[in-house]
């Protein structure tokens, strides 16, 4: 396989697992330099960026032919020990290591993902409603927004007014100009979404709905095509998100993501502001408006109100 080839998702089809494995290994290898891994660099001209295949094979303790077959997408019968060695040689993160394993040794799922609708337990919906003053929602596979409370609607918009298919973080971030305006660091939010979809693709390469989503976004968004081509994966369970809300202005919110036990494909994400901060006051103001803030925000004229 040509080292410069790129796996291009096809709308409505399946994600090519072999192409995904090939491109992931190639892009991870390309980001390393000989000096990064303790190898001498004699200054010779390199046709491709990063380590050569033979250098990576040497570091991993496998033959060049074996590694070449793996990078060409042939992960059949590769052992966990070999994948561990390659992951160490490539200096993969835990998330990248898990992604490599999913691509090379995919699990056999008894049910196709598309055949099982994602459901949120009633008790979880009750819990969301009880989190008064705390924006929170449940997100599932393919970045689908499955449930939320009134404060999440106040901060991010009233998702209840959208068709079910549009309640998806990837579609919102890449296809809706108002969400590009909402996130101060839109690029980082976009990267996070693409990394999440990449991990889903590693776990469920045969999911036709995921493939259709990737294909649609690849056609409609140049930014998505650019970020998808990086093959980056990572997990981000906490941090700070800065927003520019059309009604209350700038918000700085801490977020926490919790994987739901018994619901391995779902996570709850909550947001809160530092006590006594202007953002905390702004959240209290939004709480007084409730879900109406989401609807008002989408049509708010003029400059944002002061928090």
Pair residue 85, residue 234: separation of 7 Å Cα→Cβ label points (nm) = 3.0 nm
Ranked 130, 217, 260, criterion: other C-beta atoms within 10 Å, fewest first = 130, 260, 217
Given 55-66, 77-88, the highest-first ranking by average Cβ count within 10 Å works out to 55-66, 77-88
Ranked 228, 186, criterion: other C-beta atoms within 10 Å, fewest first | 186, 228
Full-extension gain in nm, residue 35 to residue 130, via 0.36 nm per residue minus C-alpha separation | 28.8 nm
Residue 187-residue 66 FRET efficiency (beta carbon distance; Förster radius 45 Å; 0.05 resolution) | 0.75
Normalising by the residue count of the stretch 17-104, find the relative contact order in percent from Cα pairs under 8 Å and 6+ residues apart.
-> 38 percent
Work out Dmax and Rg for the stretch 122-298 from the C-alpha atoms and quote the Rg first, both in angstrom.
-> 15.8, 48
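Read-outs throughout are calculated quantities, based only on the coordinates presented, and are distinct from any laboratory measurement. Predicted model only: the values in this text are computed from it and were never measured. Neighbour counts are summed over all protein chains in view; Cβ atoms, including those assigned to glycine, are modelled from backbone coordinates with ideal geometry.
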